[in-house]
Every structure is written in structure tokens, then in C-alpha cells.
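Here the structure comes first, spelled out in C-alpha cells, and everything after it is commentary.
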């Protein structure tokens, strides 16, 4: 009988357990990352103890982090976040400094050595790019103003992590001119390679490889490993190399196609990474001094870090809602925190009890992030109600001064008989362009680039999330004659249809849905026409809107009822 290698069995347990718990998380409408981590707890040492080769799984987990950061680097567009450079540079640097210094002082007060205290301070100072980007992408907010600020802050943190990782491994580098020179040479060399490959090598190589899908895939994956080797050659972590490799490809025109090729291998190794995080948990934090330090570090991550980002964002003029969303989206420790913690533990710079504490903090903070992001709207509404007891229009204008750049509207009392387009992306933008000469339009979107594009075309536009009451008052929803809902998030779109009818029962509503069940639900909320791009595109929606503008009559109810019957049948099949 042929004996199966333990590694194959361990990988099988990790992937199967991760898949099963991911299915359960999806059924319970919870983030998949929660399922992965719980899977690791179940099959790990405090659960069933199914894994035998933890060292190999640890190496695979590091590869998972590398692919995660490679993909994250590919998604970063400097041009989109650099316009907010003052805010992100000040906020990012201030947050790292305040958190690192505060935690270092607290750890010192508890009797820890200086190096270990600095380690813990920096572990708590970084937020997770991978988690934040994935959640923003899943909620279709990656192009929003708040996402650009979040990614900007994270970019500053990631660059800082790239620098501090090798310095922490060899603290004596700071005191030695020779070692500091080698370190500086390594950093400059890596960034020079990023520039060289992004400008000269990758554009030509990827263009040539794009003619063959298999070769293009291999070239993209090889790029990640190539930069890992570059980083390793100058004594940097492979995850630093992977991140820089992603940044190099992000500047190439084929970067989107390259990312689509990497996404599946990224998800596979990311699953191994998050499951392995769950496997590293033990119950040692519930003994001795750990009982005190554990809640202190959690409070740092959940209160201090978000509060710093909230205050910086608020005082930069982005308003209460965006400030809360940004702060709470960054209320977690990072994959870089995990790498730093593991490096310190392996080098004997962090004691095992402290290592266990920070792993628990990293995991709990990652698990709670999706829920904090969902709560941000309620928290901001509560804080606005509290602020309303001390009204000051001047203060409000100061805190929202940056947002005012994205408003191109007359006063609400002058808006009447207009058409609102909720969502100015490809679908909504096409409709706005076609109707701008024949109708009074107002576009609502949360992407500043979309708003700028509308302003350049002479179309009235306003920044706003789809749940912001003040936005809908500003665009005079009650006096509009029609609304076109092109929001990609089905749940938000359905809520907006419901709200629109409640505010203005005579409003004619045109909607867009990707799934039959969503289209059916929109009709149940009294939408007049719902277009499905897979069946009928924006042209069909345009024809219906133009017909309504010409005749003043809402679409035929008989046709609507007939379509609803079809949708009921098709929705059952989904």
C-alpha cells in the first residue's frame, strides 16, 4: 500500500474545512473570512488536532500572504489616491507614530524589554490592506471616495511596514553606519527595480505574453516569485517582494487582466493563510499577565486607531459619515502585523505568551471588521443626532468643506420635475449622456472621478451614499418626476426604490438588476421598469425613459405584470 505524504493530508484538511465553513458562513450571510478562521480553530490544536505538519503549513501560509499582497499591490492606483496626499500622508504617519509610541510605552510599563515593546507597538499600528480591499470590493465600494482614503492610509502603512520589517530583524542596523548603508541600498534597489520593471520590462513582456493565455498566466505568477527573489537577495521578507512586484505590475496597462489571472491562486493560498491563522490559537492568553494585556491591545485596535483616522478624516473636511466609515474600516490588525509577530517570535525577540496574545488580537480584529463597517452608518447617524443638539452651520461647513467640491447643484427649492440618476457608472453614465440635452438631470454617486466627469459635461452631480438622508433632501427627491436606479449593490438598490416611492408616490422608477430575484423584488417595491443587462441593456432602459418623457405616461402596467410572472419563474431557478 502506498503511503500518502502527511503534507497532502494536511492541505486536504485545510481546504476541505475552509470550504465547508465558508459555505456555512455564506448561508448565514457572514463574511467568508470568518468561516476560514473558525475552520482553522476547529482543525487546529485547540480543536480536533487534525494537522500534523505545522511548519510546512506555516510556510504555505506565508506564501498565501505573499499572493494576497501581490494582488493588493496590483490593485493600487497611485493617481487615484495621490490627489488626497496631504490627508493620507499626515493621517497615515500620525496614526503609525501615535499608536506605536503609545503601545511601546504601555508595554514598557508592564516590564517588557524595549525591543519587544517596539515590536508590539508596530504590530498594533498597521491595518489590513487585504481585508479592507476585499470587503470594499465585495460591497462594490472600491471606487468610492471613502475607499480612496482607506487605500491611501493603508498604502502609507504598507510602505512603513516594508521598511521596518528588516530593521526589526536587525535592530543593531540603526546604530551601524555600514549596516544602515546596506539597508538603504536594499530599499533603494528594490524601488529602482519596481520603477524599471513597471516602465520598461513588464509593458513589453506582458504585451508579448498576452497573445497566449497560458503564457500570460505563467508570466504573471513568475513576476511575483521574481520579486520575492529580489527581496530575499537583500535580506527582506518575501511578502515585501511580492507586494512590490504587484506595485510594479499595477502601472502596466494590462494590470487588470493580470489580476484576473492571479485571483484564483490568490484565493486558494489566502484560504490556507486564514485557516492557518485560526490553527495558531491557543488558550494561553487566559492566564497571568495576559488577562490584562489582551483587552488593552484590543482597545488600542478598536478605539485608538479608528479614532485617529476618524479625527484626521473629519478635520480634513470629508464629513462625519465618511470619517466613521474610514475609521471603522481600519479597526483591525494587518497581515503585516502577523508577519512582524512571527518574525519576532522566530528570532526570540517576542516571548511566546505575548505572541499568543497578538495572534488573538489580529484574528478577532479581522473577524469583526465586516460588522464594524456595516455599523458605521448607524454610528455616524447617532453621532450626528448627538451633534444636532449643538447646531452650528459654520462648524458643519468646515467639517464638510472638501465634500462641497463634489456638489454642483442649485438650491433644493429650484429643483422640480427633474430626473435623478442614482449611480453614474457605465450604465448610469450612458443614460446621463444621452438625456442631458432633453431633460434636467441630477446624478448621485460616491466616486469623485465620476462626479468630476459629470461636471465637465455640464451635468449636475452630487456626492453621496445611497442611504444619506441629507443627500436625498438636497436633490429634492419629493419634486422629481423620475429616478433611474443603477446601483450595483442589489440590497441598496431595492431599499432606494422603496424609499423613493415612500417619499414621492407619483415618481416613475427605472431600475437595473443583475439577478431575476432582485428584479422581482424591485417590482414588488413598485418600480415601473427594471432592466437586466444580461437580457436588455441600457438602450432598452433609454427607450423607456424617452417614451416616458415624450408622452408623460408611465410604462404599460399590463406588460409589467406579464414580466413579473416571468421573473417569478426564473427567480425560482437561481
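General remarks:
- The set of residues from region 329-342 being part of a helix (DSSP H, G or I) and surrounded by 24 or more Cβ atoms within 10 Å (Cβ to Cβ) comprises 329, 335, 336, 337, 338, 340, 341.
- Yes/no for residue 186 being at pLDDT below 80 and within 18 Å of residue 165 (Cβ to Cβ): yes
- Region 71-121, residues that are surrounded by fewer than 19 Cβ atoms within 10 Å (Cβ to Cβ) and either part of a loop (DSSP other than H, G, I, E, B) or outside the structural domain of residue 198 (by TED's automatic domain parsing) (or both): 77, 110, 111, 113
- The set of residues in region 49-70 that are outside any helix (DSSP H, G or I) and touching a residue at least 60 places away in the same chain (Cβ under 8 Å) contains only 51.
- For region 487-505, filtering for residues that are outside any helix (DSSP H, G or I) and either more than 19 Å from residue 545 (Cα to Cα) or in contact (Cβ under 8 Å) with a residue 12 or more places away in the chain (or both) leaves 4.
- Residue within region 314-327 that is within 16 Å of residue 157 (Cβ to Cβ) and either in the same structural domain as residue 471 (by TED's automatic domain parsing) or crowded, with 20+ Cβ neighbours inside 10 Å (or both) present: yes
- Scanning region 275-331 for residues that are more than 27 Å from residue 86 (Cβ to Cβ), within 21 Å of the chain's Cα centre (by Cα) and at pLDDT below 80 yields a count of 1.
- Residue check, residue 149 buried (at least 22 other Cβ atoms within 10 Å of the Cβ) and part of a helix (DSSP H, G or I): yes
- Criterion applied to 12, 18 was being surrounded by 22 or more Cβ atoms within 10 Å (Cβ to Cβ) and modelled with pLDDT of 80 or more, and the one residue passing it is 18.
- Against the test of being touching a helix residue (DSSP H, G or I) at 6+ places or on another chain (Cβ under 7 Å), surrounded by 24 or more Cβ atoms within 10 Å (Cβ to Cβ) and farther than 20 Å from residue 52 by Cα, the options 239, 262, 252, 275 yield a single qualifying residue, 239.
Residue-by-condition table, conditions (1) within 30 Å of residue 33 (Cβ to Cβ); (2) assigned by TED's automatic domain parsing to the domain that holds residue 425; (3) touching a residue at least 24 places away in the same chain (Cβ under 8 Å):
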site	(1), (2), (3)
123	yes, no, yes
132	yes, no, yes
143	yes, no, yes
155	yes, no, yes
163	yes, no, yes
193	no, no, yes
204	no, no, no
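- When 252, 263, 275, 301 are screened for being assigned by TED's automatic domain parsing to the domain that holds residue 61, within 23 Å of residue 134 (Cα to Cα) and not in a helix (DSSP H, G or I), only 252 passes.
- Some residue of region 512-532 being more than 32 Å from the chain's Cα centre (by Cα), within 14 Å of residue 481 (Cα to Cα), at pLDDT 80 or above and not in a strand (DSSP E or B): yes
- Region 221-236: number of residues that are buried (at least 21 other Cβ atoms within 10 Å of the Cβ) and modelled with pLDDT under 85: 1
- Region 206-230, residues that are over 18 Å from residue 155 (Cβ atoms), in contact with a helix residue (DSSP H, G or I) (Cβ under 6 Å, 6 or more places away or on another chain) and assigned to a helix (DSSP H, G or I): 209, 215, 216, 217, 219, 220, 223, 224, 228, 230
The values are calculated or read from the model by the stated rules, or taken from the named source; none is laboratory data. These figures come from a predicted structure and were not determined experimentally. So basically every Cβ, Gly included, is an ideal-geometry build from the backbone, and we count neighbours across all protein chains shown.
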